[in-house]
1. Across the stretch 170-181, what is the number of residues that are touching a residue at least 40 places away in the same chain (Cβ under 8 Å) and in a loop (DSSP other than H, G, I, E, B)?
2. Could you check E217 against (1) surrounded by fewer than 18 Cβ atoms within 10 Å (Cβ to Cβ); (2) not in a helix (DSSP H, G or I) and say which number it fails?
3. Restricting attention to the stretch 162-185, and to residues there that are small (G, A, S) and out of contact with any strand residue (DSSP E or B) (no Cβ under 8 Å at 6 or more places or on another chain), which single residue is surrounded by the fewest Cβ atoms within 10 Å (Cβ to Cβ)?
4. I'm trying to understand the selection: among the residues of the stretch 186-206, which are within 17 Å of E162 (Cβ to Cβ) and crowded, with 16+ Cβ neighbours inside 10 Å?
5. Which residue out of S70, S115 is in contact with a Leu (Cβ under 8 Å, 6 or more places away or on another chain), modelled with pLDDT of 95 or more and not β-branched (V, I, T)?
6. Any residue in the stretch 230-249 that is touching a residue at least 24 places away in the same chain (Cβ under 8 Å) sitting within a Cβ distance under 7 Å of a residue that is among the charged types (D, E, K, R) and in a helix (DSSP H, G or I)? List the pairs, counting only those 6 or more apart or interchain.
7. Which of (1) hydrophobic (A, V, I, L, M, F, W, C); (2) at pLDDT below 50; (3) in contact with a helix residue (DSSP H, G or I) (Cβ under 6 Å, 6 or more places away or on another chain); (4) within 17 Å of R258 (Cβ to Cβ) is the odd one out, the single condition A328 does not satisfy?
8. In the stretch 4-38, which residue that is open to solvent by 30 Å² or more (accessible area, probe 1.4 Å) and touching a strand residue (DSSP E or B) at 6+ places or on another chain (Cβ under 9 Å) is modelled with the lowest pLDDT?
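The values are calculated or read from the model by the stated rules, or taken from the named source; none is laboratory data. Here the structure is a predicted model, which means the values were calculated and not measured. Cβ sites come from the backbone with ideal geometry, for glycine too, and all protein chains shown count toward neighbours. SASA here: full protein model, heavy atoms, side chains in, ligands and nucleic acids out. Shrake-Rupley method; radii C 1.70, N 1.55, O 1.52, S 1.80 Å.
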Amino acid sequence: MPRPLSRRFAVAPMLDWTDRHCRFFLRQISRHALLYTEMVTAPALAHGDVARHLDFDAAEHPIALQLGGSDPVQLAHAARLGERWGYDEINLNCGCPSERVQTGSFGACLMAEPSLVADCVRAMRDAVALPVTVKHRLGLDANEDYGFVRDFVGTVARSGCEVFVVHARNAVLKGLSPKENREVPRLRHDVVHRLKRDFPELTIVLNGGLTAWPAIERELAHVDGVMIGRAAYHDPMLLAAVDWQVFGDESPPPTRARVLQAMVPYVAAQRARGVALRSIARHMLGLYHGCPGGRRFRQLLSDATLLKDATGDLLLATLAAVEPGVDAAPDPVAPPACARTGGRRASHTSGISATKINAER
(Lines give C-alpha, C1' and ligand atoms only; values in the text may rest on other atoms or scores of the structure.)
Protein backbone atom coordinates (compact mmCIF):
# COMPACT_ATOMS: atom_id res chain seq x y z
CA MET A 1 0.00 0.00 0.00
CA PRO A 2 1.62 3.30 -1.07
CA ARG A 3 2.40 5.71 1.76
CA PRO A 4 0.53 9.03 1.76
CA LEU A 5 2.91 11.71 0.50
CA SER A 6 3.09 15.43 1.04
CA ARG A 7 4.90 17.33 -1.69
CA ARG A 8 4.75 20.64 0.14
CA PHE A 9 8.55 20.66 0.49
CA ALA A 10 11.10 18.50 -1.33
CA VAL A 11 14.85 18.31 -1.87
CA ALA A 12 15.73 18.03 -5.55
CA PRO A 13 17.44 15.10 -7.25
CA MET A 14 21.06 16.16 -7.82
CA LEU A 15 23.47 14.02 -9.81
CA ASP A 16 26.54 12.96 -7.79
CA TRP A 17 25.09 14.61 -4.68
CA THR A 18 21.81 13.12 -3.44
CA ASP A 19 23.09 9.59 -2.96
CA ARG A 20 21.97 7.42 -0.05
CA HIS A 21 24.51 8.92 2.39
CA CYS A 22 23.45 12.48 1.57
CA ARG A 23 19.80 11.59 1.99
CA PHE A 24 20.35 9.89 5.35
CA PHE A 25 22.22 12.97 6.53
CA LEU A 26 19.48 15.35 5.36
CA ARG A 27 16.86 13.18 7.02
CA GLN A 28 18.50 13.90 10.39
CA ILE A 29 17.60 17.56 9.83
CA SER A 30 14.05 17.23 8.49
CA ARG A 31 11.68 14.37 9.24
CA HIS A 32 9.09 15.37 6.65
CA ALA A 33 10.78 16.80 3.54
CA LEU A 34 10.38 14.55 0.50
CA LEU A 35 13.82 13.38 -0.65
CA TYR A 36 14.76 12.34 -4.19
CA THR A 37 17.46 10.02 -5.44
CA GLU A 38 19.97 11.00 -8.05
CA MET A 39 18.65 10.18 -11.49
CA VAL A 40 18.99 6.44 -12.18
CA THR A 41 18.69 5.44 -15.82
CA ALA A 42 16.31 2.68 -16.82
CA PRO A 43 19.03 0.96 -18.92
CA ALA A 44 21.29 0.86 -15.84
CA LEU A 45 18.59 -1.01 -13.94
CA ALA A 46 17.99 -3.33 -16.88
CA HIS A 47 21.65 -4.28 -17.29
CA GLY A 48 23.54 -3.16 -14.16
CA ASP A 49 23.84 -3.80 -10.43
CA VAL A 50 20.30 -3.09 -9.23
CA ALA A 51 21.10 -3.18 -5.52
CA ARG A 52 23.96 -0.70 -5.93
CA HIS A 53 21.61 1.75 -7.62
CA LEU A 54 18.53 1.26 -5.45
CA ASP A 55 19.52 0.25 -1.92
CA PHE A 56 18.67 2.82 0.75
CA ASP A 57 18.09 3.01 4.48
CA ALA A 58 14.51 2.79 5.75
CA ALA A 59 15.09 6.01 7.69
CA GLU A 60 15.19 7.93 4.39
CA HIS A 61 11.40 7.74 3.87
CA PRO A 62 9.61 9.56 2.36
CA ILE A 63 11.77 9.05 -0.72
CA ALA A 64 11.19 9.22 -4.48
CA LEU A 65 13.16 7.39 -7.15
CA GLN A 66 13.95 9.52 -10.18
CA LEU A 67 14.33 7.59 -13.42
CA GLY A 68 15.84 8.60 -16.74
CA GLY A 69 14.80 6.97 -19.98
CA SER A 70 12.50 7.09 -22.98
CA ASP A 71 11.62 3.42 -23.55
CA PRO A 72 8.23 2.65 -21.97
CA VAL A 73 9.08 -1.03 -21.52
CA GLN A 74 12.41 -0.32 -19.81
CA LEU A 75 10.85 2.38 -17.64
CA ALA A 76 8.02 0.06 -16.58
CA HIS A 77 10.60 -2.53 -15.54
CA ALA A 78 12.58 0.09 -13.64
CA ALA A 79 9.42 1.34 -11.90
CA ARG A 80 8.58 -2.19 -10.80
CA LEU A 81 12.05 -2.51 -9.31
CA GLY A 82 11.60 0.81 -7.52
CA GLU A 83 8.32 -0.37 -6.05
CA ARG A 84 9.86 -3.68 -5.00
CA TRP A 85 12.71 -1.81 -3.26
CA GLY A 86 10.23 0.23 -1.26
CA TYR A 87 10.32 3.71 -2.81
CA ASP A 88 7.34 6.01 -2.26
CA GLU A 89 7.18 7.62 -5.71
CA ILE A 90 8.55 7.17 -9.22
CA ASN A 91 9.60 10.37 -10.99
CA LEU A 92 10.51 10.70 -14.68
CA ASN A 93 13.29 13.16 -15.54
CA CYS A 94 12.25 15.46 -18.37
CA GLY A 95 14.35 18.39 -17.22
CA CYS A 96 18.05 17.53 -17.33
CA PRO A 97 19.70 19.54 -20.15
CA SER A 98 23.05 17.70 -20.20
CA GLU A 99 24.25 16.79 -23.68
CA ARG A 100 25.45 13.46 -22.24
CA VAL A 101 21.90 12.72 -21.15
CA GLN A 102 20.49 13.78 -24.51
CA THR A 103 22.53 11.09 -26.27
CA GLY A 104 20.42 8.56 -24.38
CA SER A 105 17.25 10.33 -25.56
CA PHE A 106 16.08 11.35 -22.12
CA GLY A 107 16.04 14.40 -19.93
CA ALA A 108 14.87 17.81 -21.14
CA CYS A 109 14.88 16.83 -24.80
CA LEU A 110 11.81 14.68 -24.07
CA MET A 111 9.75 17.86 -23.70
CA ALA A 112 9.74 17.97 -27.51
CA GLU A 113 7.92 14.62 -27.51
CA PRO A 114 5.02 14.93 -25.07
CA SER A 115 3.19 11.94 -26.57
CA LEU A 116 6.22 9.73 -25.91
CA VAL A 117 6.42 11.03 -22.33
CA ALA A 118 2.73 10.23 -21.93
CA ASP A 119 3.36 6.69 -23.19
CA CYS A 120 6.21 6.30 -20.69
CA VAL A 121 4.09 7.55 -17.81
CA ARG A 122 1.19 5.31 -18.82
CA ALA A 123 3.47 2.26 -18.96
CA MET A 124 4.87 2.98 -15.50
CA ARG A 125 1.44 3.65 -14.00
CA ASP A 126 0.21 0.35 -15.43
CA ALA A 127 3.20 -1.41 -13.86
CA VAL A 128 3.08 -0.05 -10.29
CA ALA A 129 0.67 1.20 -7.63
CA LEU A 130 3.01 4.07 -6.72
CA PRO A 131 2.39 7.63 -7.90
CA VAL A 132 4.27 8.40 -11.11
CA THR A 133 5.34 12.03 -11.45
CA VAL A 134 7.26 14.16 -13.97
CA LYS A 135 9.97 16.79 -13.47
CA HIS A 136 10.44 19.17 -16.38
CA ARG A 137 11.45 22.65 -17.52
CA LEU A 138 9.32 25.49 -18.91
CA GLY A 139 10.59 25.23 -22.46
CA LEU A 140 13.48 24.42 -24.75
CA ASP A 141 16.19 26.76 -26.01
CA ALA A 142 14.77 30.21 -26.83
CA ASN A 143 11.14 29.12 -27.01
CA GLU A 144 9.31 30.90 -24.18
CA ASP A 145 5.83 30.39 -25.61
CA TYR A 146 3.53 29.45 -22.73
CA GLY A 147 1.57 27.18 -25.05
CA PHE A 148 4.57 24.83 -25.30
CA VAL A 149 4.68 23.95 -21.60
CA ARG A 150 0.88 24.13 -21.26
CA ASP A 151 0.43 21.56 -24.01
CA PHE A 152 3.21 19.38 -22.60
CA VAL A 153 1.55 19.27 -19.19
CA GLY A 154 -1.90 18.74 -20.70
CA THR A 155 -0.76 15.85 -22.87
CA VAL A 156 1.11 14.09 -20.08
CA ALA A 157 -1.72 14.68 -17.61
CA ARG A 158 -4.08 12.77 -19.90
CA SER A 159 -1.90 9.69 -19.31
CA GLY A 160 -2.80 9.86 -15.62
CA CYS A 161 0.11 11.91 -14.25
CA GLU A 162 -1.17 14.15 -11.47
CA VAL A 163 2.07 15.70 -10.17
CA PHE A 164 4.41 17.98 -12.12
CA VAL A 165 7.64 19.36 -10.65
CA VAL A 166 8.47 22.42 -12.73
CA HIS A 167 11.95 23.92 -12.90
CA ALA A 168 11.06 27.54 -13.66
CA ARG A 169 13.62 28.00 -16.44
CA ASN A 170 14.02 26.89 -20.03
CA ALA A 171 16.56 24.23 -20.88
CA VAL A 172 19.16 25.17 -23.49
CA LEU A 173 20.10 21.92 -25.18
CA LYS A 174 23.22 23.12 -26.98
CA GLY A 175 25.93 25.53 -25.91
CA LEU A 176 25.38 25.68 -22.15
CA SER A 177 26.76 23.43 -19.45
CA PRO A 178 24.41 21.95 -16.83
CA LYS A 179 25.69 24.60 -14.39
CA GLU A 180 25.00 27.41 -16.89
CA ASN A 181 21.56 25.95 -17.49
CA ARG A 182 20.81 26.57 -13.83
CA GLU A 183 21.87 30.20 -14.08
CA VAL A 184 21.60 31.65 -17.61
CA PRO A 185 17.97 30.95 -18.63
CA ARG A 186 15.85 33.43 -16.75
CA LEU A 187 13.61 32.39 -13.88
CA ARG A 188 9.90 32.63 -14.65
CA HIS A 189 8.04 31.74 -11.49
CA ASP A 190 4.97 33.52 -12.85
CA VAL A 191 4.65 30.89 -15.58
CA VAL A 192 4.56 28.11 -12.98
CA HIS A 193 1.83 30.06 -11.16
CA ARG A 194 -0.10 30.23 -14.42
CA LEU A 195 0.19 26.47 -14.86
CA LYS A 196 -1.37 26.02 -11.44
CA ARG A 197 -4.22 28.35 -12.35
CA ASP A 198 -4.83 26.55 -15.64
CA PHE A 199 -4.56 23.06 -14.11
CA PRO A 200 -6.05 23.46 -10.62
CA GLU A 201 -6.69 19.72 -10.35
CA LEU A 202 -2.97 18.91 -10.72
CA THR A 203 -0.26 19.13 -8.06
CA ILE A 204 2.27 21.71 -9.24
CA VAL A 205 5.61 21.91 -7.43
CA LEU A 206 7.95 24.84 -8.17
CA ASN A 207 11.71 24.33 -8.44
CA GLY A 208 14.43 26.86 -9.22
CA GLY A 209 15.90 29.95 -7.60
CA LEU A 210 14.62 29.35 -4.07
CA THR A 211 17.40 29.89 -1.54
CA ALA A 212 15.80 31.50 1.53
CA TRP A 213 12.62 31.26 3.56
CA PRO A 214 10.95 34.53 2.48
CA ALA A 215 10.97 33.36 -1.15
CA ILE A 216 9.89 29.85 -0.20
CA GLU A 217 6.91 31.14 1.77
CA ARG A 218 5.98 33.53 -1.02
CA GLU A 219 5.90 30.73 -3.59
CA LEU A 220 3.93 28.37 -1.35
CA ALA A 221 1.06 30.84 -1.62
CA HIS A 222 0.85 30.18 -5.38
CA VAL A 223 1.71 26.49 -5.86
CA ASP A 224 1.21 23.16 -4.10
CA GLY A 225 4.82 22.69 -3.10
CA VAL A 226 8.41 23.79 -3.54
CA MET A 227 11.58 21.89 -4.33
CA ILE A 228 14.98 23.14 -3.15
CA GLY A 229 18.27 22.00 -4.66
CA ARG A 230 21.77 23.29 -4.14
CA ALA A 231 20.77 25.75 -1.42
CA ALA A 232 19.84 22.78 0.78
CA TYR A 233 23.06 20.97 -0.08
CA HIS A 234 25.40 23.87 0.65
CA ASP A 235 23.47 25.02 3.73
CA PRO A 236 21.65 21.89 4.97
CA MET A 237 20.42 23.56 8.17
CA LEU A 238 18.05 25.47 5.89
CA LEU A 239 15.96 22.32 6.33
CA ALA A 240 15.85 22.66 10.12
CA ALA A 241 12.82 24.94 9.87
CA VAL A 242 10.92 22.80 7.36
CA ASP A 243 9.09 20.56 9.80
CA TRP A 244 7.47 23.36 11.78
CA GLN A 245 7.19 26.08 9.11
CA VAL A 246 5.76 23.84 6.40
CA PHE A 247 4.34 20.78 8.16
CA GLY A 248 3.33 22.22 11.53
CA ASP A 249 5.47 19.75 13.48
CA GLU A 250 6.24 21.46 16.79
CA SER A 251 9.03 19.07 17.79
CA PRO A 252 12.23 21.00 18.53
CA PRO A 253 14.44 21.28 15.45
CA PRO A 254 17.78 19.47 15.69
CA THR A 255 20.98 21.28 16.57
CA ARG A 256 24.07 20.84 14.46
CA ALA A 257 25.64 18.85 17.29
CA ARG A 258 22.67 16.46 17.43
CA VAL A 259 22.82 15.95 13.68
CA LEU A 260 26.50 15.03 13.91
CA GLN A 261 25.86 12.70 16.82
CA ALA A 262 23.01 11.01 14.96
CA MET A 263 25.37 10.24 12.07
CA VAL A 264 27.81 8.27 14.24
CA PRO A 265 25.83 4.96 14.35
CA TYR A 266 25.15 5.27 10.62
CA VAL A 267 28.86 5.75 9.90
CA ALA A 268 29.66 2.70 12.05
CA ALA A 269 27.20 0.58 10.08
CA GLN A 270 28.51 1.81 6.74
CA ARG A 271 32.15 1.34 7.76
CA ALA A 272 31.27 -2.27 8.63
CA ARG A 273 30.11 -2.62 5.03
CA GLY A 274 33.41 -1.25 3.71
CA VAL A 275 32.21 2.29 2.92
CA ALA A 276 34.87 4.96 3.43
CA LEU A 277 33.96 7.85 5.74
CA ARG A 278 34.89 10.35 3.02
CA SER A 279 31.93 9.05 0.95
CA ILE A 280 29.63 10.16 3.76
CA ALA A 281 31.47 13.19 5.14
CA ARG A 282 31.63 14.97 1.77
CA HIS A 283 27.90 15.63 2.01
CA MET A 284 28.19 17.11 5.50
CA LEU A 285 30.65 19.92 4.82
CA GLY A 286 27.97 22.64 4.80
CA LEU A 287 26.54 21.76 8.22
CA TYR A 288 28.24 24.76 9.88
CA HIS A 289 27.74 27.06 6.90
CA GLY A 290 27.84 30.69 8.06
CA CYS A 291 28.69 29.71 11.64
CA PRO A 292 31.79 30.33 13.75
CA GLY A 293 34.03 27.33 13.23
CA GLY A 294 32.50 26.54 9.84
CA ARG A 295 35.79 26.77 7.98
CA ARG A 296 37.52 24.58 10.56
CA PHE A 297 34.71 22.05 10.29
CA ARG A 298 35.12 21.82 6.50
CA GLN A 299 38.89 21.51 6.83
CA LEU A 300 38.70 18.62 9.28
CA LEU A 301 36.10 16.62 7.37
CA SER A 302 37.89 17.04 4.06
CA ASP A 303 41.40 16.28 5.35
CA ALA A 304 42.59 13.17 3.47
CA THR A 305 45.00 12.19 6.24
CA LEU A 306 42.33 12.34 8.93
CA LEU A 307 39.73 10.62 6.75
CA LYS A 308 41.94 7.68 5.89
CA ASP A 309 40.58 4.64 7.77
CA ALA A 310 38.51 6.98 9.97
CA THR A 311 35.26 6.01 11.72
CA GLY A 312 32.53 8.00 13.38
CA ASP A 313 35.03 8.99 16.06
CA LEU A 314 36.24 11.64 13.64
CA LEU A 315 32.78 13.24 13.64
CA LEU A 316 32.79 13.43 17.43
CA ALA A 317 36.34 14.76 17.53
CA THR A 318 35.43 17.39 14.94
CA LEU A 319 32.41 18.40 17.00
CA ALA A 320 34.60 18.75 20.08
CA ALA A 321 37.00 20.95 18.09
CA VAL A 322 34.28 23.19 16.62
CA GLU A 323 31.90 23.32 19.58
CA PRO A 324 34.13 22.55 22.57
CA GLY A 325 31.36 23.22 25.10
CA VAL A 326 29.01 20.58 23.66
CA ASP A 327 28.82 17.02 24.97
CA ALA A 328 30.24 15.00 22.08
CA ALA A 329 28.83 11.66 23.20
CA PRO A 330 26.19 10.37 20.74
CA ASP A 331 22.68 9.76 22.02
CA PRO A 332 21.88 6.07 22.54
CA VAL A 333 19.77 5.26 19.51
CA ALA A 334 18.81 2.13 17.62
CA PRO A 335 21.23 1.37 14.79
CA PRO A 336 20.03 2.34 11.33
CA ALA A 337 18.32 -0.30 9.25
CA CYS A 338 21.49 -0.98 7.26
CA ALA A 339 23.29 -2.00 10.46
CA ARG A 340 20.82 -4.84 10.93
CA THR A 341 21.39 -6.38 7.52
CA GLY A 342 24.82 -7.81 8.19
CA GLY A 343 27.77 -7.10 5.95
CA ARG A 344 31.54 -7.15 6.31
CA ARG A 345 32.86 -5.69 9.56
CA ALA A 346 35.71 -3.21 9.37
CA SER A 347 38.83 -4.41 11.15
CA HIS A 348 40.25 -1.04 12.08
CA THR A 349 39.45 1.94 14.28
CA SER A 350 40.24 5.53 13.69
CA GLY A 351 42.03 6.31 16.95
CA ILE A 352 41.38 10.01 16.25
CA SER A 353 40.81 12.26 19.21
CA ALA A 354 39.91 15.90 19.72
CA THR A 355 43.33 16.34 21.26
CA LYS A 356 45.00 15.21 18.06
CA ILE A 357 42.79 17.45 15.94
CA ASN A 358 43.39 20.48 18.12
CA ALA A 359 47.13 19.81 17.99
CA GLU A 360 46.96 20.08 14.19
CA ARG A 361 45.44 23.56 14.19
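1. Here is the first cut: in the stretch 170-181, the ones touching a residue at least 40 places away in the same chain (Cβ under 8 Å) are 171-174, 176, 178, 181.
Keeping just the survivors that are in a loop (DSSP other than H, G, I, E, B) gives 172-174, 176.
Counting residues in the stretch 170-181 that are touching a residue at least 40 places away in the same chain (Cβ under 8 Å) and in a loop (DSSP other than H, G, I, E, B) gives 4.
2. Tallying (1) surrounded by fewer than 18 Cβ atoms within 10 Å (Cβ to Cβ); (2) not in a helix (DSSP H, G or I), E217 fails exactly one: (2).
3. Filtering the stretch 162-185 for residues small (G, A, S) gives 168, 171, 175, 177.
Applying the additional criterion that residues be out of contact with any strand residue (DSSP E or B) (no Cβ under 8 Å at 6 or more places or on another chain) yields 175, 177.
Numbers: G175: 10, S177: 13.
Taking the candidates together, the pick is G175.
4. Just the residues of the stretch 186-206 that are within 17 Å of E162 (Cβ to Cβ), to begin with: 192, 195-206.
Across the stretch 186-206, the qualifying residues are V192, L195, K196, F199, L202, T203, I204, V205, L206.
5. Values: S115 fails: in contact with a Leu (Cβ under 8 Å, 6 or more places away or on another chain).
After applying the criteria, what remains is S70.
6. Listed by first residue and then by second, the contacts come to M237/R256; D249/D243.
7. Of the numbered conditions (1) hydrophobic (A, V, I, L, M, F, W, C); (2) at pLDDT below 50; (3) in contact with a helix residue (DSSP H, G or I) (Cβ under 6 Å, 6 or more places away or on another chain); (4) within 17 Å of R258 (Cβ to Cβ), the odd one out for A328 is (2).
8. L5
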